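Worksheet for the structure shown next.
The values are calculated or read from the model by the stated rules, or taken from the named source; none is laboratory data. Predicted model only: the values in this text are computed from it and were never measured. Positions of Cβ are backbone-derived with ideal geometry, glycine not excepted, and every protein chain shown enters the neighbour counts. The accessibility values were calculated without ligands, DNA or RNA, using every heavy atom of the protein model including side chains. Shrake-Rupley method; radii C 1.70, N 1.55, O 1.52, S 1.80 Å.
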Amino acid sequence: MEIWYGAEQVPAALRDPDGPGSIVTVGVFDGVHRGHQAILGRVVERARREAGTDGRRPRAIALTFDPHPAVVHHPETRLPMITSLADRLESLAATGLDAVLVVHYTLAFAEQGPEEFVRDWLENLLGARAIVVGDDVRFGRGNCGDANTLRQIGQADGIDVEIVADVVAPSGRRWSSTWVRELLEAGDMRGAAAVLGHVHRLRGTVIRGHRRGREFGFPTANLDAATAGVVPPDGVYAGWLVRSPEAGVVGGVATGEERLPAAISIGTNPTFDDVPDRTVEAHVLGRADLNLYGEVVVIELVERLRPMLAFDGLEPLLVQMRQDVRDTAAVLGVPEPEPIRPEDVTAF
């Protein structure tokens, strides 16, 4: 999938009258949840279906915004993004799109009228032959454009407009980013995964912590919670630490991503009083040799095991940590590892 950061990176051939053109959708797509996937799936399906006898077909393209428009218009509002831009683009690529245009959203950009936005960005820049959106679409100055506005513009300009009806869960509730945020804030990781269609992910750079865990046989990779994404409530979670393809290189060849089972602690560790800021700490089960400092990793949160607790001394804490490892192995369906001896820890 191609990624264009700004209009200047969009190939001129895309808007050539004799070119293949595109099937386009527009949105923030935070989380790329099941509702988004329905729209994106239609874009990809139509692009492939409309291939000519010579094999040429329109390109399936999404236009997305960064930062989130709500944050630009209301900077005082707390609206944590479900996914980082990097994870959003990764999820968009998984839908089969040919390209994504990332538009830097500003107040000046928001001053465009509905017709100006559609004609300048979708028709003239991206060569849109058809536009596919959800029925809750809003665009243009003050969000004055809606599905009916888009239909009218499309009819006037000879552009097909497809409005995808709301996709709802079996409960009848509409799939939405708001619902995902509610579930994440409640620590309901399985519920969030059901709406997203995939487990919730945090992404960040491994930083140095207090290095206390390695002294107890529980070495951890630490991420700054403030930069990791939407971090759920404090507690201990079962999940996976995922290393990028760049991290696994043998003889100059990328070996693919590496997914490692992990017990993940989120919070300030109330048993000790020297951790003022929230951190995300991932203990990879059975591994004492991982050197991850400075590496960008992904943490996948599968299930919340328990809330964060303060223990009366080190021994009760270690007993609980050993139980957390056993519970994590059971949730993830992996063998329970042998305890790690502190003297065997060579990294972290």
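Step by step: first the residues of segment 31-43, then only those that are of a type in the set (V, I, T) and out of contact with any helix residue (DSSP H, G or I) (no Cβ under 8 Å at 6 or more places or on another chain), then the one that is surrounded by the most Cβ atoms within 10 Å (Cβ to Cβ). Which residue is that?
Initial filter on segment 31-43 (of a type in the set (V, I, T)): 32, 39, 43.
Pick out the ones that are also out of contact with any helix residue (DSSP H, G or I) (no Cβ under 8 Å at 6 or more places or on another chain) and you get 39, 43.
On the way: I39: 22, V43: 28.
Within segment 31-43, the match that is surrounded by the most Cβ atoms within 10 Å (Cβ to Cβ) is V43.
Could you go through segment 175-188 and let me know if any residue there is surrounded by fewer than 21 Cβ atoms within 10 Å (Cβ to Cβ), closer than 24 Å to R34 by Cβ, basic (K, R) and not assigned by the TED database to the domain that holds E45. Yes, the conditions are met somewhere in segment 175-188. When you scan segment 146-167, do you find a residue that is farther than 23 Å from P11 by Cβ, surrounded by 14 or more Cβ atoms within 10 Å (Cβ to Cβ) and at pLDDT below 95, even just one? Checking segment 146-167: at least one residue is farther than 23 Å from P11 by Cβ, surrounded by 14 or more Cβ atoms within 10 Å (Cβ to Cβ) and at pLDDT below 95. Pull out all pairs, ordered by first then second residue, where Cβ-Cβ is under 8 Å, the residues are six or more apart or on different chains, the first lies in segment 232-244 and is of a type in the set (S, T, N, Q), and the second is assigned to a strand (DSSP E or B). Once the first residue is of a type in the set (S, T, N, Q) and sits in segment 232-244, its partners that are assigned to a strand (DSSP E or B) give S244/V296; S244/V297; S244/V298. Is it the case that A12 is buried (at least 18 other Cβ atoms within 10 Å of the Cβ), aliphatic (A, V, I, L, M) and more than 30 Å from V231 (Cβ to Cβ)? So A12 does not fit the description; no. If you go through segment 122-180 and pick out every residue that is touching a residue at least 24 places away in the same chain (Cβ under 8 Å), of a type in the set (S, T, Y) and assigned to a helix (DSSP H, G or I), you end up with 2.
Restricted to segment 275-305, and to residues that are part of a strand (DSSP E or B) and acidic (D, E), which residue is farthest from T346 (Cα to Cα)? Please lay out each step first, then the result.
First, the residues of segment 275-305 that are part of a strand (DSSP E or B): 279-284, 296-305.
Okay, now just the ones that are also acidic (D, E), so 281, 300, 303.
Working: E281: 18, E300: 25, E303: 29 Å.
Selected residue: E303.
Within segment 124-135, the set of residues being loosely packed, with under 15 Cβ neighbours inside 10 Å and farther than 24 Å from P11 by Cα comprises just one member, D135.
Go through the residues of segment 16-28 one by one and say whether even a single one is assigned to a loop (DSSP other than H, G, I, E, B) and within 22 Å of Y105 (Cβ to Cβ). Among the residues of segment 16-28, at least one is assigned to a loop (DSSP other than H, G, I, E, B) and within 22 Å of Y105 (Cβ to Cβ), which makes the answer yes. If only residues of segment 306-348 that are outside any helix (DSSP H, G or I), among the small types (G, A, S) and open to solvent by 30 Å² or more (accessible area, probe 1.4 Å) are counted, the one that is farthest from G239 (Cα to Cα) is G313. Taking every residue in segment 266-283 that is closer than 18 Å to D324 by Cα and pairing it with any residue that is open to solvent by 40 Å² or more (accessible area, probe 1.4 Å) and at pLDDT below 60, at least 6 positions away or on another chain, the pairs with Cβ-Cβ distances below 9 Å are T268/P276.
When segment 50-81 is examined, which residues are found to be aliphatic (A, V, I, L, M) and in contact with a Leu (Cβ under 7 Å, 6 or more places away or on another chain)?
Of the residues in segment 50-81, the ones aliphatic (A, V, I, L, M) are 51, 60-63, 70-72, 79, 81.
Matches in segment 50-81: A60, I61, A62, L63, A70, V71, V72.
With respect to the conditions (1) under 19 Å from I299 (Cα atoms); (2) part of a helix (DSSP H, G or I); (3) at pLDDT below 95, A193 lacks only one, and its number is (3).
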